[in-house]
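So that we are looking at the same thing, I have put the structure below in structure tokens.
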């Protein structure tokens, strides 16, 4: 974040009882990173350390003022905020759940929760379930007397709704406004296109006629892409937008390689790294290794210009593993070379964001299936493709994690494939892959890459499960506030 995005006002928050100084305008995860906090959460089964990454949402989930599963990289800081780690027991200072790392991983493969010798409905199974709830961690349940409130939503009718504030989204919004159409532009960032601008892109000025919704997630498309739900990250009123035309200009996202250690704290996608470097305290990112696809030299120069200490630049496909314990310590290449680093930033392979296009085109009731985009929904810029294949290094490592938050390894997928199971829907249900807070992004891309390596088939032949609406940005309070703004569909 640039310094001019902030008022300069200092506030105090608490992290596991520790006092942290933060600046108004920053999010919680960035503030904690600036204070040297790298581990924010732990994985579900093996309680491996997770942190801010930009790729795996589980790493930024925390308990905030008694409310569980709050996404810390989207929550603005405020005075007196009390933030605690989840997936710890009995408390962060003495987390006995980390002993699960000593258990052989095959013992906790998908399905271990329902052993044959503990039939459902028995007293023994009830005791087992209580133990599982403790072992799985998660946040504490809200107190029954905690007051709740519905956040009243707002209905908008516009000619054009643009999702994405980068160059392509801005151009689409400017063109529609110039044609006399009413336009709303939705941007995750508080300054639309800030990452593209930091990388040297020129951003055309938005005219005043364009209504800007900044710091807002386009959380869902319903009814064939006719209804768009937009949810502010600060918990404010959600918007129900009915648009004659929808432009998806969400760009492409970088996917980490399918290698061991790709989920370690200190592994960042490019936009997250830029956000940290542009933080008002100028987080330096010492000993940074840049991995990715294409020509990485200009990116390395840009990161260095922003204050990063870039020590190495390598192709993502040449990485054998990312090494470390609670955070990154080094990178091992397929040719045997190893070099030390504290941060790994991945800039490719670049993948399309599949969620909103799938929701606009999907058909079905119980199981949604992919379809073709309706004519009124368009993809612009990087969102129009093409997508690059996920890479996994010189050889597929059984210890690599296909789904870090659910602890699904390549070894677990390999055993199921060897037993004849290759359908992604079956694999999802048997392992839990993609059923965590990531909602399948990027885990189902990693699953397809693992299946391709194990079977010799092309990744796009496996398909993927449903990217159901809404995305995790929409809270129950915001959703409840939309209830009276739309008429329910009536069947034949």
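The values are calculated or read from the model by the stated rules, or taken from the named source; none is laboratory data. No experiment lies behind these values; they were computed from the predicted model shown. No Cβ is skipped: glycine too gets one built from the backbone with ideal geometry, and neighbour counts run over all protein chains shown.
Residues that are in contact with a strand residue (DSSP E or B) (Cβ under 8 Å, 6 or more places away or on another chain), in the same structural domain as residue 400 (by TED's automatic domain parsing) and surrounded by fewer than 18 Cβ atoms within 10 Å (Cβ to Cβ): does the stretch 264-275 have at least one?
Scanning the stretch 264-275, I find no residue that is in contact with a strand residue (DSSP E or B) (Cβ under 8 Å, 6 or more places away or on another chain), in the same structural domain as residue 400 (by TED's automatic domain parsing) and surrounded by fewer than 18 Cβ atoms within 10 Å (Cβ to Cβ), so the answer is no.
Out of the residues in the stretch 18-53 that are on the phi > 0 side of the Ramachandran plot and in contact with a strand residue (DSSP E or B) (Cβ under 9 Å, 6 or more places away or on another chain), which is surrounded by the fewest Cβ atoms within 10 Å (Cβ to Cβ)?
Step by step, filter the stretch 18-53, then rank; the result is 25.
Out of curiosity, is residue 381 at positive phi, assigned by TED's automatic domain parsing to the domain that holds residue 165 and within 22 Å of the chain's Cα centre (by Cα)?
yes
Turning to a different aspect of this structure: Of all residues in the stretch 226-235, count the ones that are surrounded by fewer than 24 Cβ atoms within 10 Å (Cβ to Cβ) and either touching a strand residue (DSSP E or B) at 6+ places or on another chain (Cβ under 7 Å) or at pLDDT 95 or above (or both).
Counting residues in the stretch 226-235 that are surrounded by fewer than 24 Cβ atoms within 10 Å (Cβ to Cβ) and either touching a strand residue (DSSP E or B) at 6+ places or on another chain (Cβ under 7 Å) or at pLDDT 95 or above (or both) gives 5.
Conditions (1) at pLDDT below 95; (2) under 17 Å from residue 113 (Cβ atoms), marked per residue:
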site	(1), (2)
395	yes, no
413	no, no
432	yes, yes
439	yes, no
454	no, no
459	yes, no
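Which residues, counting only those in the stretch 201-244, are closer than 19 Å to residue 71 by Cβ and assigned to a loop (DSSP other than H, G, I, E, B)?
Within the stretch 201-244, 215, 233, 234, 235, 236, 237, 238 meet the criteria.
Tell me, which residue of the stretch 166-203 that is without any contact (Cβ under 8 Å) to a residue 60 or more places away in the chain and under 23 Å from residue 305 (Cβ atoms) is surrounded by the fewest Cβ atoms within 10 Å (Cβ to Cβ)?
Within the stretch 166-203, the match that is surrounded by the fewest Cβ atoms within 10 Å (Cβ to Cβ) is 202.
Same structure again: Could you check, for the stretch 168-176, whether at least one of its residues is at pLDDT 95 or above, in a helix (DSSP H, G or I), closer than 14 Å to residue 380 by Cα and in contact with a helix residue (DSSP H, G or I) (Cβ under 6 Å, 6 or more places away or on another chain)?
yes
Also, I was wondering about something else. Look at residue 247 and say whether it is in contact with a strand residue (DSSP E or B) (Cβ under 7 Å, 6 or more places away or on another chain), part of a strand (DSSP E or B), modelled with pLDDT of 95 or more and not assigned by TED's automatic domain parsing to the domain that holds residue 193.
no
Select, from 153, 139, the only residue that is in contact (Cβ under 8 Å) with a residue 40 or more places away in the chain and within 30 Å of residue 100 (Cβ to Cβ).
Within the list 153, 139, the selection yields 139.
A follow-up question, please. If a residue has to be over 27 Å from the mean Cα position of the chain (by Cα) and under 30 Å from residue 479 (Cα atoms) to count, how many in the stretch 98-147 make the cut?
The qualifying residues number 5.
Here's a follow-up. Do we find a residue being free of Cβ contacts under 8 Å to residues at least 40 places away in the same chain, part of a loop (DSSP other than H, G, I, E, B) and out of contact with any strand residue (DSSP E or B) (no Cβ under 8 Å at 6 or more places or on another chain) anywhere in the stretch 467-487?
Yes: the stretch 467-487 contains one or more residues that are free of Cβ contacts under 8 Å to residues at least 40 places away in the same chain, part of a loop (DSSP other than H, G, I, E, B) and out of contact with any strand residue (DSSP E or B) (no Cβ under 8 Å at 6 or more places or on another chain).
Shifting gears a bit: If I ask for residues that are touching a residue at least 60 places away in the same chain (Cβ under 8 Å) and either touching a strand residue (DSSP E or B) at 6+ places or on another chain (Cβ under 7 Å) or not in a helix (DSSP H, G or I) (or both), which ones from the stretch 441-462 would you list?
Matches in the stretch 441-462: 441, 442, 445, 446, 450.
Give the residue, chosen from 447, 485, 474, that is farther than 14 Å from residue 355 by Cα and at pLDDT 95 or above.
Answer to the selection: 447.
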